[in-house]
1. Taking only the stretch 286-315 into account, find how many residues are touching a Leu at 6+ places or on another chain (Cβ under 6 Å), surrounded by 23 or more Cβ atoms within 10 Å (Cβ to Cβ) and part of a helix (DSSP H, G or I).
2. Could you list, in sequence order, all residues of the stretch 410-456 that are part of a helix (DSSP H, G or I), hydroxyl-bearing (Ser, Thr, Tyr) and out of contact with any Ser or Thr (no Cβ under 6 Å at 6 or more places or on another chain)?
3. Pairs, please: C-beta under 9 Å, at least 6 apart or cross-chain, first residue outside the structural domain of LEU159 (by TED's automatic domain parsing) and in a helix (DSSP H, G or I) and in the stretch 519-548, second loosely packed, with under 13 Cβ neighbours inside 10 Å and among the β-branched types (Val, Ile, Thr)?
4. In this structure, is LYS209 charged (D, E, K, R) and on the phi > 0 side of the Ramachandran plot?
5. Report, by residue number, each residue of the stretch 246-269 that is hydroxyl-bearing (Ser, Thr, Tyr) and either surrounded by fewer than 17 Cβ atoms within 10 Å (Cβ to Cβ) or assigned to a helix (DSSP H, G or I) (or both).
6. Can you give me the number of residues within the stretch 231-245 that are closer than 15 Å to VAL307 by Cα and assigned to a helix (DSSP H, G or I)?
7. Report whether or not TRP395 is more than 22 Å from PRO449 (Cα to Cα) and either aromatic (Phe, Trp, Tyr) or in contact with a helix residue (DSSP H, G or I) (Cβ under 6 Å, 6 or more places away or on another chain) (or both).
8. Could we say that TYR272 is crowded, with 22+ Cβ neighbours inside 10 Å, within 30 Å of GLU521 (Cα to Cα) and not assigned by TED's automatic domain parsing to the domain that holds VAL492 here?
Amino acid sequence: MKRSGKWFNVLAVSSALILTVTACSGNNTKGTANVETTNSSAQEGRQAVVLGQSDFKYTFYGNYDWYTAPGEWGKDATSKWILDNKKVTMEVITSDGAAAQKLNTMIASDTLPDVIWTDKFGTDYERLRAAGQLVPLDDYLDKYPNLKRLVGESTLNMLRASDGKLYQIPNWYSNKPLGNAGWMINNKIYKALGSPKLETYDDLYSYLKLVKEKYPDVTPLDLNKGAEGNIFMYSGFAEGRLPTYVEQKAYIEGDTFKSIYKDPVYAETVKYINKLVQEKLISQDLLTQKEDQIKEKLNTGKIAVLVAYDVTEPSNTNELEWKKNDPEADYEVIWPVHKAGLDKNKIINNPYSTLGWNVSLITKSAKDPEAIFAFYDWMASEEGQNVLCFGPPGWLWDEVDAEGSPIANENWTTVSDDEKTAAKLFDWNYVGNSSFVDSSKGKIEMTLPEDKRNQTAVAQMNVTWKTTQDTTEFGGITPPSDSNEGLIAQRVNDIYTETFGKIMFAKSEAEIDKLIESGYEQSMKVGHQELMDYLQTKWKENKEKLGK
């Protein structure tokens with residue numbers, strides 16, 4: 001899940017670098033030493049690389065169709081500080097909207113970049129590892145200790161390959177709850193309608209009917225990501241139900257993976273959604289609308305309730321056009337709506353993993369992989385994260401507290417959002433430490449007057465981080481897309497999408513029951529049981545690694 005490029009929206013969910021030999025601690029921000037880098041390959045007995053005395057450049061490839069460089073390195077405040085103080089330049093190679101083709105071309109022409117930023121445990125990672133094109137990182141972990149200290153040995157061990165070696169540097173890893181998913185309401189409409197109770201699915205149904213009656217030009221309820229968006233509604237129909245179950249098309253009963261179609265909680269969820277579709281209380285374009293269409297409705301205040309992977313950014317209404325034209329414009333993140341009679345504190349909207357989002361891989365094309373690792377190690381450090389996420393020292397902060405978090409100075413609230421965006425905060429951070437950054441952000445916000453607090457941070461602290469569960473045990477269980485199980489997974493997903501689309505517009509519960517049974521039978525015919533057996537085996541292996 002891609003993290004926002006907005007300067008103050010952490011989670012979730014994304015950028016680039018690693019821990020430093022001399023992590024900043026205490027209240028002194030000038031304690032980082034400079035040391036010479038070399039262009040020789042890593043070797044036993046070599047002195048530790050210290051950044052800052054010699055110029056060092058490496059190439060970086062973002063293996064995603066959507067990824068573009070944040071800008072030209074050294075032209076914004078963040079990368080310029082790194083260039084001036086660490087003498088490091090990152091030369092970005094972009095996919096030009098065709099990541100798979102670009103990577104294949106580089107592999108075929110033996111011109112791999114020094115670093116590849118890609119999905120953890122992904123197909124591209126595995127084929128490069130199997131072909132011996134990746135640099136194992138184990139020998140650097142003690143020499144440059146920030147990653148080991150901050151990521152943690154158990155998480156690093158979970159990222160190891162089948163050969164026992166570590167090749168992946170995680171991004172947005174965490175040892176604390178995190179997540180931005182959940183429910184958000186249009187507060188202007190909510191207040192105008194008398195601020196009725198909005199806690200249970202019964203409350204929601206009544207409220208959506210009221211919205212439809214009073215605001216016919218507004219979408220009462222919208223789900224981000226179409227068919228995928230229902231995963232957060234699903235988790236509200238039972239305590240401890242993970243949205244992950246819908247994503248993997250299998251829920252867990254005891255220690256056994258079972259088809260999502262056999263889950264009575266799933267059946268109850270889709271029947272509720274069908275009811276909303278039939279009564280036009282939910283978007284009729286769930287399966288076809290694009291992200292930009294949802295944003296346009298949000299920007300004009302035309303959604304009353306939104307369920308989404310990220311409700312924290314739009315709730316920060318200062319970033320919306322709607323707010324500029326309407327002083328009463330306001331969105332608010334609310335506690336997840338749930339079935340009556342359930343304990344609201346046991347509703348999970350944010351499954352999170354200590355493994356984070358994606359990873360950086362150092363290839364054997366790199367002339368000096370150890371220097372790259374040293375730079376990533378610095379980026380992952382407290383000082384590195386402060387520079388990458390909160391700007392160079394002396395701008396928005398001058399000192400740090402005992403945990404290394406920045407202490408906001410007077411510029412924190414006077415510098416405009418446009419200036420912060422121009423500084424590319426978060427945009428160059430490819431080894432994000434969610435625990436540290438989110439904690440720092442929260443501490444800063446709580447020191448500000450209420451009207452100056454960033455609503456993204458407030459929503460995270462008050463709601464989304466409290467509706468979480470650690471699901472690291474599911475990390476890496478998805479089969480490679482080119483494997484037999486991966487091909488089965490694609491067929492199962494296609495059947496699911498088609499079945500869900502038909503369920504949405506079914507005319508009766510009896511018809512829904514038949515569609516659910518049909519989805520089950522079709523999935524089993526293409527090998528769903530084999531896929532579930534694979535997932536279950538990998539899941540149990542992970543639990544053993546984690547000591548569960």
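The values are calculated or read from the model by the stated rules, or taken from the named source; none is laboratory data. This one's a predicted model, so the numbers in the text were calculated from it and none came from an experiment. FYI the Cβ positions are ideal-geometry reconstructions off the backbone, even for glycines, and counts take in every protein chain you see.
1. 1
2. First, the residues of the stretch 410-456 that are part of a helix (DSSP H, G or I): 411-414, 417-422, 434-446, 450-452, 455-456.
Checking which are hydroxyl-bearing (Ser, Thr, Tyr) leaves us with 413-414, 421, 434-435, 439-440, 456.
Within the stretch 410-456, THR413, THR414, THR421, SER439 meet the criteria.
3. Close Cβ pairs (under 9 Å, with a partner that is loosely packed, with under 13 Cβ neighbours inside 10 Å and among the β-branched types (Val, Ile, Thr)) amount to MET532/THR256; GLN536/THR256.
4. Details: charged (D, E, K, R): yes; on the phi > 0 side of the Ramachandran plot: no.
No, not satisfied.
5. First pass over the stretch 246-269, keeping only residues hydroxyl-bearing (Ser, Thr, Tyr): 251, 256, 259, 261, 266, 269.
THR256, TYR261, TYR266, THR269 - these are the residues of the stretch 246-269 that are hydroxyl-bearing (Ser, Thr, Tyr) and either surrounded by fewer than 17 Cβ atoms within 10 Å (Cβ to Cβ) or assigned to a helix (DSSP H, G or I) (or both).
6. Step one: list which residues in the stretch 231-245 are closer than 15 Å to VAL307 by Cα, which gives 231-237, 243.
Still in the running and assigned to a helix (DSSP H, G or I): 231-237.
Adding up the residues that qualify gives 7.
7. Working: more than 22 Å from PRO449 (Cα to Cα): no; either aromatic (Phe, Trp, Tyr) or in contact with a helix residue (DSSP H, G or I) (Cβ under 6 Å, 6 or more places away or on another chain) (or both): yes.
No: the conditions fail for TRP395.
8. Values: crowded, with 22+ Cβ neighbours inside 10 Å: no; within 30 Å of GLU521 (Cα to Cα): yes; not assigned by TED's automatic domain parsing to the domain that holds VAL492: yes.
Criteria not met by TYR272.
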